[in-house]
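Undergrad: So that we are looking at the same thing, I have put the structure below in structure tokens.
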Amino acid sequence: MSVLLVLEESGGKIKRTSWEALAAAQRLEPTESITAVVIGAQTEALAAEAAAKPVGKVVRVEHPLLAQYTADGFCAALQQLLQNQDATKWVVVFPHTYQVRDYAPALACRMGQVLIGDVVAINDGPTFVRQLMQGRLNGSYRHSGNRPCFVSVQAGAFRPDATIVGPNSSTGREPAPITTFTPTIDPAQIRTRPGEPFRASEQTLDLGSAQRIVSVGRGIKEAQNLPIVQELATALGAELAASRPICDNGWLPMERQVGSSGQTVAPRLYLAVGISGAIQHLVGMKGSQCIVAINKDPDAPIFEVADYGIVGDLFEVVPALTDAVKAAKQ
Ligand SMILES: Cc1cc2nc3c(=O)[nH]c(=O)nc-3n(C[C@H](O)[C@H](O)[C@H](O)COP(=O)(O)OP(=O)(O)OC[C@H]3O[C@@H](n4cnc5c(N)ncnc54)[C@H](O)[C@@H]3O)c2cc1C
């Protein structure tokens, strides 16, 4: 078995989640059996960045029609690459990004396979672990053996600093060898025309450096109930943060969202109020020093990462806690 690691870039640099996928790839095979792939119209710098990492080889998949991402272009290019290299030996590993979610299932389907998406752990076998039912259950998936096998890796599940350093690493001597593959792509194959790339709005709030955070989730039920948690945050001298549904609803600004598509935080105290603990939230806060969770559901997954858990109704617990904090400060 060999691993084809498909890297993703943003602004001319390989994204951090791609290096997390490299850490996952190393759970499958040693460095020399990992081939990293960069895709685009001019990939020289990306390939050099990849070659400095612990991978066995780097392949530049280059074509003018790959200058901007399209699902059709990426599917066609990767399918040809796989078929060109004996598709039956590969496990193809992607970071689980929006882009990958867009094209990887189609690529897998074209090759008569499925994508094992959103993998949070890899066990011996290999078996791939995915979370089900908002993280309440873990499912273990084993591939039929009929390759290629396609796997995408959840953001935050594997630590890029845990990659095993090989002779080709940035601290070692030799960069990995680089080759170029030029797929045949006809403009008529590309059915979509890419627009302006999405640019995230500039963040004015740096939750990452906050020492105390009170974070609120859908358990708060309505926007007009937010002052209950704001009061606790103020009493604790904490920043107010939120799970994604709160920000999606516009109840708090996006810059206060914690999680895989929000900010990553590591405060001394993270108080999660009415948050279930979905993996996309956990990856943004599980590095906190002390996690306190308030949730009325004793089986909520947030309790698995919490140092202290309060099973109860937040509308009773939070005001009582706020009063206690204020009293303690007097
Ligand atoms: C691609 C992608 C990216 C994502 N990125 C993020 C992200 O960055 N951040 C993020 O947070 N999510 C993200 N999500 C969404 C994530 O999957 C969850 O849907 C979300 O985290 C759930 O938010 P929640 O815990 O507030 O809501 P729910 O899952 O609805 O949980 C609400 C919790 O409140 C509890 N509750 C209800 N009433 C009370 C009460 N009166 N007192 C106490 N507890 C109560 C319930 O028991 C429940 O556990 C992403 C999802 C996807 C697909």
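Every read-out reported here was derived from the displayed coordinates using simple, explicitly stated rules and does not represent laboratory data. Small disclaimer: the values here were computed from a predicted structure and weren't measured. We place every Cβ from the backbone using ideal geometry, glycine too, and count neighbours over all the protein chains shown.
Undergrad: Straight-line reach from LYS221: which aspartates and glutamates have a Cα under 13 Å away, not including same-chain ones fewer than 8 places off?
TA: ASP313
Undergrad: For GLN263, which sequence-distant residues (separation of 5 or more, or a different chain) have an amide H within less than 5 Å of its own amide H, given hydrogens modelled in the peptide plane?
TA: Excluding prolines and chain starts, which carry no amide H, the hits are GLN257, VAL258.
Undergrad: Further question on the same structure: From zero up to wherever the largest Cα-Cα distance of the chain sits, split into 20 Å bins and tell me the percent of pairs in each.
TA: 29, 50, 20, 1
Undergrad: For n ≥ 4 DSSP H runs only, could you compute -39500 (n - 2.57) per run for the chain, divide by its residues and tell me the 222 nm figure to the nearest 500?
TA: Only helices count here, giving -8000 deg cm²/dmol.
Undergrad: Going highest first, how would you order 174-181, 88-95, 21-28 by mean Cβ packing within 10 Å?
TA: On the way: 174-181: 15.2, 88-95: 22.4, 21-28: 24.5.
Top to bottom by mean Cβ count within 10 Å: 21-28, 88-95, 174-181.
Undergrad: Another one. Give the Cα extents of the stretch 8-73 along the principal axes, in whole Å, largest first.
TA: 33, 21, 18
Undergrad: Here's a follow-up. Pairing the Cα long axis of helix 314-329 with the longest principal axis of the chain, what angle in degrees results, from 0 to 90 and rounded to the nearest 10?
TA: 70 degrees
Undergrad: Cut-off under 29 Å on the C-alpha distance; same-chain residues fewer than 8 positions from LYS329 excluded. Which lysines are left, in chain and number order?
TA: Partners found: LYS286, LYS296.
Undergrad: With no solvent and one point on each alpha carbon, what is the Debye value of log10 I(q)/I(0) for the stretch 251-311 at q = 0.12, 0.14, 0.29 Å⁻¹?
TA: -0.25, -0.34, -1.27
Undergrad: Tell me, what are the semi-axes, in whole angstrom and largest first, of the equivalent ellipsoid of the stretch 178-330 as set by the roots of 5 times the Cα gyration tensor eigenvalues? All intermediate terms of the calculation are to be shown ahead of the outcome.
TA: Values: eigenvalues 285, 54, 48 Å².
Semi-axes, largest first: 38, 16, 16 Å.
Undergrad: Can you tell me the 0 to 90 degree angle between the C-alpha axis of helix 98-110 and the longest principal axis of the chain, rounded to 10?
TA: Here the helix axis deviates by roughly 50 degrees.
Undergrad: A further question follows. Specify the angular offset, from 0 to 90 degrees and rounded to the nearest 10, of the alpha carbon long axis of helix 16-25 from the longest principal axis of the alpha carbons in the chain.
TA: 70 degrees
Undergrad: Identify all aspartates and glutamates with a Cα-Cα distance to LYS89 below 17 Å; exclude those on the same chain that are fewer than 8 residues away in sequence.
TA: Answer for LYS89, where 17 Å is the Cα cut-off: GLU29, GLU32, listed by chain and number.
Undergrad: To continue, here is another question. Based on the Cα coordinates of the stretch 29-125, what is the per residue volume of their convex hull in Å³? Can you show the working numbers first?
TA: Numbers: hull volume 11.1 nm³, N = 97.
It is 114 Å³ per residue.
Undergrad: Could you go through the stretch 82-96 in sequence order and give the Karplus-derived ³J(HN,Hα) for each residue, using 6.51 cos²θ - 1.76 cosθ + 1.60 with θ = phi - 60°, rounded to whole Hz, and x for Gly and Pro?
TA: 5, 5, 6, 10, 6, 4, 6, 9, 9, 9, 9, 10, 10, x, 7
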